[in-house]
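The values are calculated or read from the model by the stated rules, or taken from the named source; none is laboratory data. On a predicted model such as this, the values are computed, not experimentally measured, just so you know. Note that we place each Cβ from the backbone using ideal geometry, even for glycine, and neighbour counts take in every protein chain shown. Please note that ligands, DNA and RNA were not included when accessible areas were found on the heavy atoms of the full protein model with its side chains. Shrake-Rupley method; radii C 1.70, N 1.55, O 1.52, S 1.80 Å.
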Amino acid sequence: MLLAVEWTDRGSGTEETEKRAYKLFKNWKPPAGLEFKAFYDCADGNGGIAIVETNSAEAILETTAPWTTFFHFRIRPIVPVEKSPAIMEKAFAWRDSVS
């Protein structure tokens, strides 16, 4: 399953906590069973977004748990745009079939 993982700063950061988060990140490795497809920081310095693939909720928790002191996370399942139209057409057809 593809997921969009968004994070934003908790707003309680200091220069010291920012340096600590950076040091932790430099030494962090993603867990087995989770693959990063894309990984970006926001240009405003207040978070970022990653596209990851996994079939394990445990791998998502293992990925975010070290960072919950520093960031809020939003994790959303996503569908490749080339697959969305067929799914939506099926939904439209079902709705149209109900009187």
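Brief remarks follow.
- Residue match in region 4-15 (condition: among the acidic types (Asp, Glu), out of contact with any Cys (no Cβ under 7 Å at 6 or more places or on another chain) and free of Cβ contacts under 8 Å to residues at least 12 places away in the same chain): yes
- First in region 56-80 and more than 24 Å from THR17 (Cα to Cα), second anywhere and among the acidic types (Asp, Glu) and in a loop (DSSP other than H, G, I, E, B), Cβ under 9 Å, 6 or more apart: none
- So ASN46, is it more than 11 Å from the chain's Cα centre (by Cα) and farther than 20 Å from THR8 by Cβ: no
- Test for ILE60: is it within 22 Å of SER12 (Cα to Cα) and at pLDDT 95 or above: no
- Conditions (1) under 22 Å from MET1 (Cβ atoms); (2) loosely packed, with under 10 Cβ neighbours inside 10 Å; number of the one not met by VAL98: (1)
- Test for PHE36: is it of a type in the set (Phe, Trp, Tyr), surrounded by fewer than 14 Cβ atoms within 10 Å (Cβ to Cβ) and over 15 Å from THR68 (Cα atoms): yes
- Hits in region 7-29 - residues which are open to solvent by less than 60 Å² (accessible area, probe 1.4 Å), out of contact with any His (no Cβ under 8 Å at 6 or more places or on another chain) and either part of a loop (DSSP other than H, G, I, E, B) or of a type outside the set (A, V, I, L, M) (or both): GLY13, THR17, TRP28
- Among the residues making up region 55-82, those that are part of a helix (DSSP H, G or I) and open to solvent by less than 70 Å² (accessible area, probe 1.4 Å) are ALA59, ILE60, THR63, THR64, ALA65, PRO66, TRP67.
- In this entry, ALA43 passes the filter for residues that are loosely packed, with under 10 Cβ neighbours inside 10 Å, aliphatic (A, V, I, L, M), at pLDDT 95 or above and assigned to a loop (DSSP other than H, G, I, E, B).
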